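Laboratory data are not the source of any read-out in this text; all were calculated from the coordinates shown. Source: prediction; values computed, not measured. Cβ atoms come from the backbone with ideal geometry, glycine included; neighbour counts cover every protein chain shown.
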Amino acid sequence: MASTSTVTDSSALSQLTGSAKSTASATQEASDRFLKLLVTQMQSQDPLNPMDNAQVTSQMAQINTVSSLGTVNDSLQAMSAQLVQMQAMQSASLVGRSVVVPGNRLEVGADGAVGYFDMAGAADSVKVEVLSSAGRVVDTIDMGAETSGRHAFTWTPGEGVSDAGGFRFRVAATAGTASVATTALMRDQVSAVSSGGSTGLSLQLKGGTTIAYSDVRAFGG
């Protein structure tokens, strides 16, 4: 997968470089045409009614503006190409790293499972329900009152509790009689990275899903 990412980045860099050269060439051609027209206009002017100095100065200022804009565009294109290269190098270091992303899957290990959730506001009652793959509640964790922000919990299956389809969880939070919005988060591991397309940098996770880099809530977990 890493080789695919490199090819994609190289292709993008080549396209950006070609675009920059094309833009520079077009700007130079426009400048040349403008100057030729101005020289022709000055050569053909009526000696008894020459062009006004202010008019000549204005036209020269226009060509300078066009040239300056072309230079700025070239600089932006070069910066974009450098960003693509930097992104390609940084993406390789993400493989194998643990991340916290939106999701409600619970991976049970030797020390149990760890889950996370974000709360939009404070709540005086927070409960985490652990679900089987069939959606049945197999356990409930009472976390009591919690503040807004991110929270983590751990869960260890009871004796004889197992599910080949994997466990999920959901969070119910209330402040008085009002519900508090929550977002379930899970820990996963980056298995591969790809770039390109409308989403930019994408991460393929060990759990089988693919997410945008911008969806990562935390590294390490």
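How charged is the neighbourhood of residue 121? Take every other residue with its Cβ under 15 Å from the Cβ of residue 121, and add Lys/Arg as +1 and Asp/Glu as -1. Computed value for this residue: -2. Under the convention that each Lys and Arg Cβ holds +1 and each Asp and Glu Cβ holds -1, the size of the dipole of region 98-219 around its Cα centre is about 320 debye. Compute the Cα gyration tensor for region 98-219, then decide on rounded, prolate or oblate, letting a ≥ b ≥ c be the square roots of its eigenvalues: rounded whenever a/c is under 1.5, prolate when a/b is larger than b/c in the other cases, and oblate in all that remain. Here region 98-219 falls in the oblate category.
Projecting the Cα atoms of 202, 110, 182 onto the charge dipole of region 98-219 (Cβ charges, centred on the Cα centre) puts 202 farthest toward the positive pole.
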